Each structure stands twice: as C-alpha cells, then as structure tokens.
C-alpha cells in the first residue's frame, strides 16, 4: 500500500538502512504478525499503554500515522494534525519512546475499513520514521518477524505544503466513500486482545520445555514450572515452539488451555486460564 498524502519525508530515502550496523548489544526481537485478507502485514501495538491496535507495516509511508479515533482513545494531544507519543509498544517487547505521529484517517484505511476488506479494523500505518530504526527480516513461513534495533535515528518528518489543498487525495477519499456505500459491505471487527499466558519456551530435539515463568502470571497460577516439558495442549501433540505459537495465536482472554507436561518422572495436566495481553 502506498500512501498518497500531502506529506513527504525530505531526504528520508537517501539514507540507506544497510549502512547502519545493529547496536552492539542489540538482540533480534520476535514480532508477532498476521497477514490480513488483503495480504498486508499487520502488527499490534499499544500507544501510551493503551490498546492493542492494528497497524499495517507500510514501507511506502514516510511517517507513523495514527487514525483520529484511536488518537482520541489514547488521549493524545493533537496540534495541527501531529502528536507526540510517550511510548509505542510492539507486541513482542520492542518499545520506542517520544515518537512523533501524524493524526489523520488516510483514505486507504477509510476505504478498507468501510468495506471490511482487511478482515479486521485497521487503526494506522507504520511508516519509515518508525521502521527505519530496525533491521527487519520478513519470513512468511514463520508466524513472527525478526526485528533488530539499529544504531540509526531517522530524520524527523518534514511536512511539505501543497497549494490548493490535497486535491487528488480528497477526490480519492470521496470515491472510496461512494464505493463503500454502494457495496453494502460492513466494517471489519474491532480489535480483540490476545490471550496472555506468561511463560517462555526452549526447544531442543523436538522437545519444548518451559524456560521461564512470569511470577503471578496465568501459567504460574496454574502451577507451570521452569523445566516442564510441554507434551500436549488440548490433546494436540507439541513438538516445536511453532506448534505452541500457532495455538496461542487463536487464544482469547478467559479461554482455558489443558496442558499435559512431563516433570521429571511425573506427568501432570495443568489448566491455564489465559489473561488479557496485547
């Protein structure tokens, strides 16, 4: 998706990302994603601790764009269609602080949401000013993207005025509204938080073991312990971390997992009730 807007990032594409090495102590982060019905890469983020919200990864967009309704929900102070986010938190753990965002509803999102094309409600676009901070690896055979922080600070967005208004963009927005009305399609469903379990995993020789358990998390409350080998979840045999993640991608808050684990010479069945996560 390419953003047709009256915003350009002056000189942004002139700085090749490959010229910047990853931070010396930086480790790759695994960022969960999904492909929308329109085959766009969607990741979930929190803004100032509120969310989660659905954002499209758009390398053709120069800035971070947050839709106007979401800016209101997040309590952002907007001035001349711009706002400063205290925190931008990606599912998977990456966090950016003091991020400048453009507040508007691009006609692309308005049209896709109005016609329900993506299958979910979309809340904004992640553009160059955010994405340029990472060395990104896209592998669509996996359920997570590998993002490694770079020692690079992209230049700030510079608005460039267009005499006479947006012109073509306004026309396109009007056409999209008309198409939405004529099609009779309904908007996508609102964002639903994922279920949260609160444990980490290790994998070796087709065996998945618990690497760490978050204190006071759902897994800890169910009695899961570090070193437990996960054998089955809801009767499905587990042979890899990917098996667990596939099931977790459909897990909703309040749902209960029946987890069969091997602990030493003993087998146990634990009931883990998912909490509310990103």
Scanning region 31-50 for residues that are in contact with a helix residue (DSSP H, G or I) (Cβ under 9 Å, 6 or more places away or on another chain) and under 18 Å from residue 250 (Cα atoms), which turns out modelled with the lowest pLDDT? 36
Per-region count, region 48-73, residues farther than 22 Å from residue 116 by Cβ and assigned to a strand (DSSP E or B): 2
Of all residues being in contact with a helix residue (DSSP H, G or I) (Cβ under 7 Å, 6 or more places away or on another chain) and part of a loop (DSSP other than H, G, I, E, B) in region 238-278, which is farthest from residue 46 (Cα to Cα)? Just the residue, please. 238
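This table checks each residue for (1) under 30 Å from residue 240 (Cα atoms); (2) assigned to a loop (DSSP other than H, G, I, E, B).
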position: 75; (1), (2): no, yes
position: 87; (1), (2): no, no
position: 136; (1), (2): yes, no
position: 142; (1), (2): yes, yes
So in region 190-213, with the set limited to residues that are closer than 30 Å to residue 118 by Cα and assigned to a strand (DSSP E or B), which one is modelled with the lowest pLDDT? 195
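For region 89-107, how many residues meet the condition of being closer than 24 Å to residue 197 by Cβ and not in a strand (DSSP E or B)?
So the first thing to find is which residues in region 89-107 are closer than 24 Å to residue 197 by Cβ, and the list is 89-95.
Keeping just the survivors that are not in a strand (DSSP E or B) gives 91-94.
Adding up the residues that qualify gives 4.
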Can you name the residue in region 39-70 that is without any contact (Cβ under 8 Å) to a residue 40 or more places away in the chain and under 20 Å from residue 131 (Cα atoms) and, of all such residues, is surrounded by the fewest Cβ atoms within 10 Å (Cβ to Cβ)? 39
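Among the listed residues 187, 156, 149, identify the single one that is surrounded by fewer than 17 Cβ atoms within 10 Å (Cβ to Cβ), at pLDDT 70 or above and either part of a loop (DSSP other than H, G, I, E, B) or outside the structural domain of residue 250 (by TED's automatic domain parsing) (or both).
156 is the lone residue from the list that is surrounded by fewer than 17 Cβ atoms within 10 Å (Cβ to Cβ), at pLDDT 70 or above and either part of a loop (DSSP other than H, G, I, E, B) or outside the structural domain of residue 250 (by TED's automatic domain parsing) (or both).
The values are calculated or read from the model by the stated rules, or taken from the named source; none is laboratory data. Quantities reported herein were computed from a predicted structural model and do not represent experimental measurements. Cβ sites come from the backbone with ideal geometry, for glycine too, and all protein chains shown count toward neighbours.
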